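Taking it in order: structure first as structure tokens, then the write-up.
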Amino acid sequence: MNTLKDEANRCLLCKNPRCKAKCPIGTPIPEVIQLFKEDKLVKAGEMLFMNNPLSVVCALVCPHENQCKGNCVRGIKGQPIEFYEIENYISSKFLESSEIKPVEANKERIAVVGAGPAGITIAFALASKGYKITMFESKEKIGGVLRYGIPDFRLPKVILDKIHHRLIQMGVKIRPNTRIGPVITIDKLFEDGYKAIFIGTGVWNPKTLNIKGETLGHVHYAIDYLKAPGVYDLGKKVVVIGAGNVAMDAARTAKRSGVETVTIMYRKGFEDMTATKVEIEEAKEDGIQFELYKSPIEIRDDGVKYIQTQKVLNEEGKAETVFVEGTENFYFCDSVIIAVSQAPRNNIVANNKGFETNKHGLLLTDEVGHTTRQGVFSAGDVVTGAKTVVEAVKHAKAVAEAIDEYCSSLREQQ
């Protein structure tokens, strides 16, 4: 606590704070720090929660070096303020001890399909306005990618259990192990009196490498592996193909699960990785090895055949990565984990009429979440592709306002 107070006292409380401006959801950082300095923790917690119901999560998993921390004025000539540490402390205290008073549910019934970051945000936002909310979650617990895609050492799942409790406090009904699509259809939801439906089902289908050997028994997809690492027998030596945060999470999880040697294979260099610098450094600290400028071309029973790559300038003067002929080689390993992004499942689209998707299978919406079917809204990864938690929250807040406006217009027509 004293260390956090010292950190808060270093803040310049800028009148035009760059930290707030670079936060996707505009967290009122100077105001929160001032309240923290005055020991007004409840008020600070309320401010954070009202702005971002997943504040406690974002404090742990946001790419802070690109947002608040990376744009702090203090960081120009010295050490930037680590606001996320303060945010985590305040938000954790608020979640543990402060009561959230439910609002009388006297408005329309809304269905929230998917209990990931976007769905949770929508549920909190609309329940606080008096809507009757039912969340439909295909898995046994809420959280979506937060629970089943981010390792416990980065995001303790007890936090999600507390968020679940808060949703219940707000009067939200939660139906676990319930998939919307083939049995409970969109039509059925409307027939049962739901006036609007929100789809936030995320992206759970792994993208493939499209190389020979991907169906072999020792090959796994990272998004599947991270759901339940304990059920996998990976052997002593594992290679992870990919270089995003999911790849780092899979590699670090495998290492912490007892695998002796874990190596990330990537067709480019460190500077091209989509994982954050913090994630890369933490992977190195965990003992993860890296094989760079190597592109897999086939997976075999005893490892991965690859070809060397290199960067060259094309005719337009832009760098591109190409194969180096004659440099095929082999990396011996017991298991392979593929982590090259995810795509949405088309469960709802395939079983319900009126929805349009783009070439990647993502739902088409306008800027505030209207899908091509009236009364159905969407946000989060199922619309944008895999993004950060805070971006999903930002998008969902705007969509919550659009749903409120839509339901208000229905009332006026009656």
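Only the coordinates and a few stated rules stand behind these numbers; no lab work does. Computed from a prediction, not measured in an experiment: that's the story for all the values here. So basically every Cβ, Gly included, is an ideal-geometry build from the backbone, and we count neighbours across all protein chains shown.
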Exercise for review: Starting from the coordinates of the alpha-carbon atoms of the chain, obtain the Kirkwood hydrodynamic radius over all distinct pairs and give the value in Å to one decimal.
Suggested key: 23.0 Å
Practice item. Could you let me know the centre-to-centre spacing of the stretch 362-394 and the stretch 188-238, using Cα atoms, in angstrom? Key: 19 Å
Revision key, fill the gap. So the compactness index of the stretch 1-116, its C-alpha Rg divided by 2.2 N^0.38 Å, takes the value 1.16
Point to revise | Highest-fluctuation residue, A21, A127, A243 considered, GNM on the chain with Cα pairs under 10 Å | key: A21
Practice item. Arrange the peptides 5-17, 90-102, 340-352 so that the one whose residues have, on average, the most other Cβ atoms within 10 Å appears first. Key: 340-352, 90-102, 5-17
Review point. How much of the DSSP beta bridge set in the chain is antiparallel, as a percent to the nearest 5?
Key: 35 percent
Review point. Can you flag which of K162/K387; K173/K195; K132/K207 are past 27 Å Cα-Cα?
Key: K132/K207
Check your understanding: How much mean residue ellipticity at 222 nm does the chain get from its helices, if each DSSP H run of length 4 or more adds -39500 (n - 2.57) and you divide by all residues, to the nearest 500 deg cm²/dmol?
Key -> -10000 deg cm²/dmol
Point to revise | Student exercise, the chain dipole from Lys, Arg, Asp, Glu Cβ charges, in Debye to nearest 20 | key: 740 debye
Check your understanding: What do you get for Rg/Rh of the stretch 1-65 when both radii come from the Cα atoms and Rh is the Kirkwood radius?
Key -> 0.93
Point to revise | Extreme residue, positive dipole direction of the chain, given options N346, T27, L364 (C-beta unit charges) | key: T27
Review point. Which residues' amide hydrogens lie under 5 Å from the amide hydrogen of A196, considering only partners 5 or more residues apart or on another chain, with H built in the peptide plane?
Key: A111
Study note, to complete from the structure: Pseudo-spin-label distance V322 to D6, built 7 Å along Cα→Cβ, given in nm, is 5.5 nm
